[in-house]
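Below: the structure, in structure tokens.
The values are calculated or read from the model by the stated rules, or taken from the named source; none is laboratory data. What you see is a predicted model, and the numbers here were worked out from it, not measured in a lab. Here the Cβ positions follow ideal geometry from the backbone for every residue, glycine too, while neighbour counts run over all protein chains shown.
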Amino acid sequence: MATVALGTGALGLGAGAIAPVAQANATVVAQAAPAEVQRVLSELETAASDRNLDAVMAFYSESFSSDTGFDYGQLRQTLETLWQQYPDITYDIELLSWQANGPDRYSLETRTTVTGTQTRPDRTLTLTADITSRQQLEAGQITSQEVLSETSRLVTGTNPPTLQVQLPTTLTPGQTYSFDTIVVEPLEGRSLMGVAVEEGVTATDFFEPRPVVFDLLSSGGLYKVGTAPAEPDSRWVSTVVIREDGMVVETRRVRVE
């Protein structure tokens, strides 16, 4: 076994910190949306990809709230830290659906894809994330956000393992569930190490490092059984697999409702 410290920035990348979903008619939906909605999402996407923090935060109400506990100040701090770690990060926002709730008030559902790289002295980390979320937009500002689904993947190495992950997206309180990760490539005598980690989705410890113990995997994957919390919640469930030629960290959000 091996022990390392990984932060939530690796395990629960939380790229949904800014995720302002995809279907065949997404383009039609966007074209039919009010001009104000199209403007906000277009300018937000540009500002985020430019890492212009002041411009991004101008699209959020100072009373902003989210299902993960982020308020306006925590969102700003988290984005600043994330962009320092991934200085070339880019965002693509698709509008999936919208509904008018009154003058200058809309409910939106979007899909945001995120890509970026982080260069360290000993390795380069590549981040990809896919987030579906629901926002409330009032007078051109996002007042609240709920993440509906989230998958992020962090890879490094010359030939990182290819994973197939089987995990429910929603659970009922107290439900028992299986979490299976299969490495697609044959082992061919190579060693695998891995671990499965479950964490709360909170703003408080977003980048807090945690010690992780890796086990030597005797088969081509990880097979775990977990139990959902007794109360409604959201959890980050991550699988980490290491091979001599690369590492993959795949994180998915599970909603308990």
Condition check: surrounded by fewer than 18 Cβ atoms within 10 Å (Cβ to Cβ), modelled with pLDDT of 95 or more, under 27 Å from D245 (Cα atoms) and of a type in the set (D, E). Does D88 satisfy that? yes
For the range 75-90: of the residues being out of contact with any helix residue (DSSP H, G or I) (no Cβ under 9 Å at 6 or more places or on another chain) and among the polar types (S, T, N, Q), which is farthest from V147 (Cα to Cα)? Q84
Sole miss for R134 among (1) closer than 30 Å to A33 by Cβ; (2) touching a Lys or Arg at 6+ places or on another chain (Cβ under 8 Å) is condition (2)
Which one of these is touching a Gly at 6+ places or on another chain (Cβ under 8 Å) and in the same structural domain as E244 (by TED's automatic domain parsing): T112, T158, T170? T158
Selected residue (criterion: nearest to R105 (Cα to Cα)) from residues of the range 61-82 that are crowded, with 18+ Cβ neighbours inside 10 Å and of a type in the set (F, W, Y): F64
Restricting attention to helices (runs of 4 or more DSSP H) lying wholly within the range 26-114, give those where 3 or more residues are among the small types (G, A, S) and under 20 Å from E138 (Cβ atoms). 35-49
Selection from the range 101-117 of residues that are modelled with pLDDT under 95 and among the small types (G, A, S): G102, G116
